[in-house]
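The values are calculated or read from the model by the stated rules, or taken from the named source; none is laboratory data. Small disclaimer: the values here were computed from a predicted structure and weren't measured. For neighbour counting, all protein chains shown are included, and Cβ atoms are generated from backbone atoms with ideal geometry for every residue, glycine included.
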Amino acid sequence: MSTPKSTPKKFTRPPTAQQAVLAELRRAILEGDLEPGSQLIQETVAERLGVSRVPVREAMRILQGEGQISYTPHRGYFVTELSLDELEEIRRIRELLEEEAVVKAMPNLRDEDVAVMAEAYQEMELAGADGDIAAMNAAHTRFHFALLSASGMTRLIRILRQLWDAADPYRAVYHGEEASRRAAQKQHAALLRAAKQRDTERAIKILHDHRQQTIDRLRGALDKHK
């Protein structure tokens, strides 16, 4: 009689050194251990985490792409300085402009535009589950501008993109929290349904709530940096 085979446990691949460094730096920035404006020295970070400089350098490049840190030639990397007042100003201007864009966009929204939103939504879910903040932010931007660009107002869209670029560092902090990512996905699912139904008023309400929720959640994180 053969011996029954035991059910193997689910195999979990250990994170690479780069992923481990990236996760730790994101945590330190989010929780205020690394204060805005503070310098990140590769050698110091590598020594503290017990890794070589290579994964540290790669992680810093990713964080730079997300806007969480900045690079100054001949000086190095610094944690991006964030301001709740600046974020509130960006939110208010976006609210005024995006409402106008949505009003103009909904009558012109094509099924192809909604399909782009749906695809971007799925990409956000996958990236969020993997903790890939850069990919989630990119999909998040595609999702919103598939709707907003249907307005056909090219100057307005150009201004909105500038505002979105200015908010990237804040968005990276927001999406860095798993609870925020889950909340955002629920709101984007609702916005996708509103787009499918061409429900202008509902879409405007969801966008307003989403922007306000972002402010509320970030207020706690930014308060740690004071």
Can you pull out every residue in the range 170-226 that is outside any helix (DSSP H, G or I) and modelled with pLDDT under 90? G176, E177, K224, H225, K226
Being surrounded by fewer than 21 Cβ atoms within 10 Å (Cβ to Cβ), of a type in the set (D, E, K, R) and farther than 19 Å from G65 by Cα: is that true of D132 here? no
Of all residues in the range 47-82, which are small (G, A, S) and in contact (Cβ under 8 Å) with a residue 24 or more places away in the chain? S52, A59, G65, G67, G76
Within the group V116, V103, which residue is part of a helix (DSSP H, G or I), surrounded by 13 or more Cβ atoms within 10 Å (Cβ to Cβ), over 22 Å from the mean Cα position of the chain (by Cα) and on the phi < 0 side of the Ramachandran plot? V103
Would you check which residues across the range 146-192 are of a type in the set (K, R), under 16 Å from the mean Cα position of the chain (by Cα) and surrounded by fewer than 14 Cβ atoms within 10 Å (Cβ to Cβ) and list them? R182, K186
Residues being of a type in the set (G, A, S), free of Cβ contacts under 8 Å to residues at least 60 places away in the same chain and within 24 Å of L87 (Cβ to Cβ) - total across the range 125-145: 5
Count, please, the residues in the range 45-86 that happen to be part of a helix (DSSP H, G or I), buried (at least 17 other Cβ atoms within 10 Å of the Cβ) and modelled with pLDDT of 90 or more. 6
Hey, Q122 hits all of (1) among the polar types (S, T, N, Q); (2) free of Cβ contacts under 8 Å to residues at least 40 places away in the same chain; (3) not assigned by TED's automatic domain parsing to the domain that holds R219 but one; which does it fall short on? (3)
Apart from one, (1) crowded, with 18+ Cβ neighbours inside 10 Å; (2) under 18 Å from the mean Cα position of the chain (by Cα) all hold for A195; the odd one out is (2)
Near pairs, Cβ below 8 angstrom, 6+ apart or cross-chain, from the range 90-111 (closer than 20 Å to Y170 by Cβ) to any residue that is of a type in the set (K, R) and part of a helix (DSSP H, G or I): R91/R211; R94/R211; E95/R211
